[in-house]
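Right, one structure below, let's go through it.
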Amino acid sequence: MIEIIGAPFDGCGKRVGSRLGPPAIRLAELNEELEALGYEVCDAGDVPADLGPSDPKGLKNFDSMLGCAVLLKQAVSDALERGSIPLVLGGDHTLAAASVSAAANRYVDRLGLLWIDAHADINTPGSSETGNVHGMPVAALSGLPSGVKGISHTQWLSWLQALGPAQVETERIAWYGLRDVDATERPRLNGLPISMHDIDRRGVEQTATEIDRWLKETAVTHLWISFDVDVLDPVFAPGTGTAVRGGLTYREAHLFAEILREHLDAPSCPYRLAGLDVVEVNPLYDTMNQTARVATEWVASLFGKTILGGKR
Ligand SMILES: [Mn+2]
């Protein structure tokens, strides 16, 4: 069973509007697509994600984010407990820290994380140029130090505490589609960082296979996939707040999803899909809901939809 959980929080990005991501993706018929593939789908609705007052001396909208994160972590944890695959719809990428942490606390060091994104999202308050928390969820998940003093440091510690006790060490994290990485982030990418350059050089098929091999080497039993729609080139997915040119084409993104599914379905595959985030769909920057439709189609490919149907 797939359990859809909306997290319409957009207080920690550069631009607001991704709070409209969950309804846009639902209107793109995500539920119907997955049911057509034979899955039982349950839409659990949205976790509350209102923006309250924000301390001007701290991280922007931090308290609102933390409140929503606690609720989302619990909702994902409950879904995992029921044996469901949680499918979390953002919202900005900040809340993926909460969803991934639910799986991390359940599977501990047997969880691998695949962060599909133009950005590495491994800034800390001390290294971030913008101060936007949506660029920090991977750093929080892996428990990096804040690098600052004062209120932001206290907030950072409270976030780590809310996500814990288990962490996802960077050695168990793969990134895919990177093309906008800060110099301060680069030395932190200890797992498997695959950039657009790597994809240009070796193609989707080989880089996807590298991820499969790496997951087997790290001996994880569960994989969480966090999909930021900005991994796609803005030509195909313009409806997002931090678009970066030079991304995956529509076909490359689909081929990647299809190969991930092939690996997951292989009889000898030692890991299974724990859950999935689909984030940063921002209808305010979109036309005709095409970005939500691309995201929905990508999820369908990941869950086994093929052009000719049946086995590839
Ligand atoms: Mn991103």
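The values are calculated or read from the model by the stated rules, or taken from the named source; none is laboratory data. The structure displayed is predicted, hence computed values, not measured ones. FYI the Cβ positions are ideal-geometry reconstructions off the backbone, even for glycines, and counts take in every protein chain you see.
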Yes or no: segment 69-88 includes at least one residue that is buried (at least 24 other Cβ atoms within 10 Å of the Cβ) and within 16 Å of the ligand (Cβ to nearest atom).
yes
Within segment 91-104, is there a residue that is assigned to a loop (DSSP other than H, G, I, E, B) and more than 16 Å from the ligand (Cβ to nearest atom)?
no
Take the residues in segment 129-146 that are on the phi < 0 side of the Ramachandran plot and more than 19 Å from the chain's Cα centre (by Cα); name whichever of them is farthest from the ligand (Cβ to nearest atom).
Pro145
Tally of residues being in a loop (DSSP other than H, G, I, E, B) and within 17 Å of Gly6 (Cα to Cα) across segment 260-312
3
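Quick one: which of Gly239, Gly275 is away from the ligand (no atom under 12 Å from the Cβ), at pLDDT 95 or above and in contact with a His (Cβ under 9 Å, 6 or more places away or on another chain)?
Unique residue meeting the criteria: Gly275.
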Total residues in segment 15-37, condition among the charged types (D, E, K, R), closer than 13 Å to Leu284 by Cα and surrounded by fewer than 20 Cβ atoms within 10 Å (Cβ to Cβ)
1
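Listed here are the residues, each with its yes/no results for (1) more than 19 Å from Gln161 (Cβ to Cβ); (2) over 14 Å from the mean Cα position of the chain (by Cα); (3) of a type in the set (Phe, Trp, Tyr).
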{"residue": "Leu59", "(1), (2), (3)": "no, yes, no"}
{"residue": "Ser64", "(1), (2), (3)": "no, yes, no"}
{"residue": "Cys68", "(1), (2), (3)": "no, yes, no"}
{"residue": "Ala79", "(1), (2), (3)": "yes, yes, no"}
{"residue": "Asp92", "(1), (2), (3)": "yes, no, no"}
{"residue": "Ala96", "(1), (2), (3)": "no, no, no"}
Identify, from the list Ile225, Ile194, Ile211, the residue that is free of Cβ contacts under 8 Å to residues at least 24 places away in the same chain and aliphatic (A, V, I, L, M).
Ile194
Tell me, which helices (runs of 4 or more DSSP H) lie completely within segment 136-219 with 1 or more residues that are under 22 Å from Leu59 (Cα atoms)?
137-141, 151-163
Mind counting the residues in segment 34-64 that are modelled with pLDDT of 95 or more, touching a Lys or Arg at 6+ places or on another chain (Cβ under 7 Å) and not hydrophobic (A, V, I, L, M, F, W, C)?
0
Criterion first (more than 16 Å from the ligand (Cβ to nearest atom), touching a Leu at 6+ places or on another chain (Cβ under 8 Å) and not acidic (Asp, Glu)) does Thr287 satisfy it?
no
Criterion (closer than 22 Å to Leu276 by Cβ, within 16 Å of the ligand (Cβ to nearest atom) and surrounded by 14 or more Cβ atoms within 10 Å (Cβ to Cβ)) met by exactly one of Asp230, Asp180, Asp212
Asp230
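Each row is one residue, and each column tells you yes or no for (1) buried (at least 24 other Cβ atoms within 10 Å of the Cβ); (2) among the aliphatic types (A, V, I, L, M).
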{"residue": "Asp200", "(1), (2)": "no, no"}
{"residue": "Gln206", "(1), (2)": "no, no"}
{"residue": "Pro270", "(1), (2)": "no, no"}
{"residue": "Asn282", "(1), (2)": "yes, no"}
{"residue": "Leu308", "(1), (2)": "no, yes"}
